[in-house]
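See below for the structure under consideration.
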Amino acid sequence: MSHDAVIPVRAIHLDLKGVPPTPARLLELPRIAAALGYNAMLVEWEDTFPWTVNPAIRNETAYAREQVDAFHAAAAEHGVQIIPLVQCLGHMEFALKHAEYAGLREGPKHIEVLNPLADGARELIASLVRDVIAATPGLTHFHLGGDEAWALGTHPDTKAWIDAKGKGDLYMHHVEPILDELNAAGIRPMLWHDMMIDWDSESLTRLAGKADLVLWWYQRDPRETGKEHLNEAIIERFEAHDITLWGGSAYKGADGPNIDLPDYRERELNALAWYDIAREHKLVGVIATAWSRYCHCRTQCEPIDAALDCLVNHGVILNEGQPPAGGRDACLATLDEIGERATFDACYEATKALSDFRAEAWAVARDVMEMMHCHQSDHSRWFGSVSYAEKHAARFVAECDVLTARMNEAFDALIPRVWTERYLAERLDPLRDQAGLMLAQAARMRQMRAEHSDW
């Protein structure tokens, strides 16, 4: 890696818990990353990793160890450092949803948060970390996540600990042995910053020597929009405790949990803000996050290959501090130069058609249902609503079928079919259901009309 740039480490985030790439496409990503000016990849394997700790936490298309090895070899070939991410506290659904780990939950309904005081909790995390280390050569950093554990302290045991010693002490009690193990192996741990915002000074000092913090905010400039989550005072407090800091922007996956395409301008503004923060605060690096689910149990969002224009733009900004002179057209030209333009165009156009149809169809569906209820309550106005509903219901079903075929064709070599099918089911099956409701309502109105000749 070059260390003379304003941002020495420029990383792409691979959030593999949603729309994961096929093994073949996964091998292409390090080449693409390097060509776009990135020199690291933060890999959030989640349930796609070939876990040996417990194969039950693998999903049905989890990568084989040989495929993971080939990915790491491709990254090394292109000078891209791999930083694995294994969650240590929050976002633990992929494991805690299984009945055998129910006793490790912060509460019976809190499958997202580990109870750090439960017997076997730390041991589970340590074993997951060791599993990934064993498969990842040349590690210098390891991200332990640790963010958004909002339910921490709801269990009577953790509440009592926090009341007596504080959140920071409980957090460090849980992770410190893992941090020590990583540091002893020459691997620097990293953690998201949000759970440390209200820590006491002693806990922050305790953390500083053992792990880096990754500041994250995905909407424009955190100094203006982050408020309690991230602002200048929070950054300065971490600095005052000699904590090594990174930044976390977002090139995709930050515009809504069920959005299909990133907002190009919003992603650009966020990248520009992080370049300024990195320069001012001398951050070690910035991670261009790329969420494909907001959490394990939410819908998939924003496939990578439909967001490559934003990935290019983000890379230029993190390297040069400003977008390319030609704007988005210049980003498309870069994709052409590295042989990715045709793939992007097909994926983007299919996904945009899907996105546009969803927005338009839900607006029409609301109009149809409201109009039919209007006509049902005021019989003198009922003319036209039934045929209008039937026409649009048929159109919804036909368009869903067309979009399904188009998306499958665009992504077939890029995402395993099962995940494309689920992505589409999450978006289109509700519209098919809505079409059925519209037809049922229309049939009821026809029946009522037949029974009341005075209408």
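The values are calculated or read from the model by the stated rules, or taken from the named source; none is laboratory data. Because the structure is a prediction, the values reported are computed rather than measured. As a convention, Cβ positions derive from the backbone with ideal geometry for all residues, glycine included, and neighbour counts pool all protein chains shown. The protein model used for the area step is the full one, side chains on, heavy atoms only, and it has no ligands, DNA or RNA in it. Shrake-Rupley method; radii C 1.70, N 1.55, O 1.52, S 1.80 Å.
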What are the residues in region 273-297 that are in a helix (DSSP H, G or I) and open to solvent by less than 40 Å² (accessible area, probe 1.4 Å), if any?
Ala273, Trp274, Tyr275, Ile277, Ala278, His281
Which residues, counting only those in region 160-176, are surrounded by 14 or more Cβ atoms within 10 Å (Cβ to Cβ) and not β-branched (Val, Ile, Thr)?
Trp161, Lys165, Gly166, Lys167, Gly168, Asp169, Leu170, Tyr171, Met172, His173, His174, Glu176
Take Thr136 and decide whether it is touching a strand residue (DSSP E or B) at 6+ places or on another chain (Cβ under 8 Å), of a type in the set (Ser, Thr, Tyr) and surrounded by 18 or more Cβ atoms within 10 Å (Cβ to Cβ).
yes
Checking the structure you have, find out if any residue of region 427-444 is small (Gly, Ala, Ser), in contact (Cβ under 8 Å) with a residue 60 or more places away in the chain and under 30 Å from Arg25 (Cβ atoms).
no
Leading residue by the ranking (nearest to the chain's Cα centre (by Cα)) among those in region 139-159 that are open to solvent by less than 10 Å² (accessible area, probe 1.4 Å) and over 15 Å from His91 (Cβ atoms):
Phe142
Pairs where the first residue, in region 294-314, is hydroxyl-bearing (Ser, Thr, Tyr) and the second is assigned to a strand (DSSP E or B), C-beta under 9 Å, 6+ apart
Thr299/Arg293
Assuming Ile197 fulfils every condition listed in (1) open to solvent by 30 Å² or more (accessible area, probe 1.4 Å); (2) under 30 Å from Tyr423 (Cβ atoms) apart from one, which condition is it?
(2)
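Restricting to region 181-206, give me the number of residues that are of a type in the set (Gly, Ala, Ser) and under 25 Å from Thr136 (Cβ atoms).
Filtering region 181-206 down to residues of a type in the set (Gly, Ala, Ser) leaves 184-186, 201, 203.
Remaining after also requiring under 25 Å from Thr136 (Cβ atoms): 184-186.
Counting residues in region 181-206 that are of a type in the set (Gly, Ala, Ser) and under 25 Å from Thr136 (Cβ atoms) gives 3.
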Suppose we filter Ala102, Ala151, Ala95, Ala164 for residues that are at pLDDT 95 or above, farther than 22 Å from Ala56 by Cβ and assigned to a helix (DSSP H, G or I); which single one remains?
Ala164
What number of residues in region 240-257 are in contact with a helix residue (DSSP H, G or I) (Cβ under 7 Å, 6 or more places away or on another chain) and open to solvent by 20 Å² or more (accessible area, probe 1.4 Å)?
3
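Going by what's in this entry, would Ala118 be described as touching a helix residue (DSSP H, G or I) at 6+ places or on another chain (Cβ under 6 Å), open to solvent by 10 Å² or more (accessible area, probe 1.4 Å) and of a type outside the set (Asp, Glu)? I'd like the intermediate steps shown before the answer.
Details: touching a helix residue (DSSP H, G or I) at 6+ places or on another chain (Cβ under 6 Å): yes; open to solvent by 10 Å² or more (accessible area, probe 1.4 Å): yes; of a type outside the set (Asp, Glu): yes.
So Ala118 passes the test.
Go through Asp212, Asp180 for me and flag whichever is at pLDDT 95 or above, touching a Pro at 6+ places or on another chain (Cβ under 8 Å) and closer than 19 Å to Val129 by Cα. Even if it seems obvious, please write down each step before you answer.
Values: Asp180 fails: touching a Pro at 6+ places or on another chain (Cβ under 8 Å).
Unique residue meeting the criteria: Asp212.
Which residue out of Ile235, Ile243 is in contact (Cβ under 8 Å) with a residue 40 or more places away in the chain and of a type in the set (A, V, I, L, M, F, W, C)? Don't jump to the end; show me each part of the working.
On the way: Ile243 fails: in contact (Cβ under 8 Å) with a residue 40 or more places away in the chain.
Result of the check over Ile235, Ile243: Ile235.
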Quick one: in region 407-421, which of the residues that are out of contact with any Lys or Arg (no Cβ under 8 Å at 6 or more places or on another chain) and surrounded by 15 or more Cβ atoms within 10 Å (Cβ to Cβ) is farthest from Lys352 (Cα to Cα)?
Pro416
List the helices (runs of 4 or more DSSP H) inside region 298-403, counting only whole elements, that have at least 2 residues being crowded, with 17+ Cβ neighbours inside 10 Å and of a type outside the set (A, V, I, L, M, F, W, C).
308-320, 341-377
Residue tally, condition surrounded by fewer than 21 Cβ atoms within 10 Å (Cβ to Cβ) and touching a Ser or Thr at 6+ places or on another chain (Cβ under 8 Å), over region 54-112:
8
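Does region 210-226 hold any residues that are open to solvent by less than 60 Å² (accessible area, probe 1.4 Å) and over 16 Å from Gly285 (Cα atoms), and which are they? Give the steps one after another, and end with the answer.
To start, the set of residues in region 210-226 that are open to solvent by less than 60 Å² (accessible area, probe 1.4 Å) comprises 210-218, 221-222, 225-226.
Across region 210-226, the qualifying residues are Lys210, Asp221, Pro222, Thr225, Gly226.
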Taking the stated definitions as given, is Ala346 touching an Asp or Glu at 6+ places or on another chain (Cβ under 8 Å), of a type outside the set (Asp, Glu) and within 20 Å of Glu421 (Cα to Cα)?
yes
Scanning region 31-47 for residues that are closer than 26 Å to Leu245 by Cβ and either assigned to a loop (DSSP other than H, G, I, E, B) or not acidic (Asp, Glu) (or both) gives Ala33, Ala34, Leu36, Gly37, Tyr38, Asn39, Ala40, Met41, Leu42, Val43, Trp45
The condition of being part of a helix (DSSP H, G or I) and modelled with pLDDT of 95 or more holds, among Ala75, Ala118, only for Ala75
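Any residue at all in region 444-453 that is among the hydroxyl-bearing types (Ser, Thr, Tyr) and either touching a Gly at 6+ places or on another chain (Cβ under 6 Å) or open to solvent by 70 Å² or more (accessible area, probe 1.4 Å) (or both)?
Narrowing region 444-453 to residues among the hydroxyl-bearing types (Ser, Thr, Tyr): 453.
This time we only want the ones that are either touching a Gly at 6+ places or on another chain (Cβ under 6 Å) or open to solvent by 70 Å² or more (accessible area, probe 1.4 Å) (or both), so: 453.
For region 444-453, residues among the hydroxyl-bearing types (Ser, Thr, Tyr) and either touching a Gly at 6+ places or on another chain (Cβ under 6 Å) or open to solvent by 70 Å² or more (accessible area, probe 1.4 Å) (or both): present.
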From (1) touching a residue at least 24 places away in the same chain (Cβ under 8 Å); (2) within 24 Å of Gly248 (Cα to Cα), pick out the condition that doesn't hold for His110.
(2)
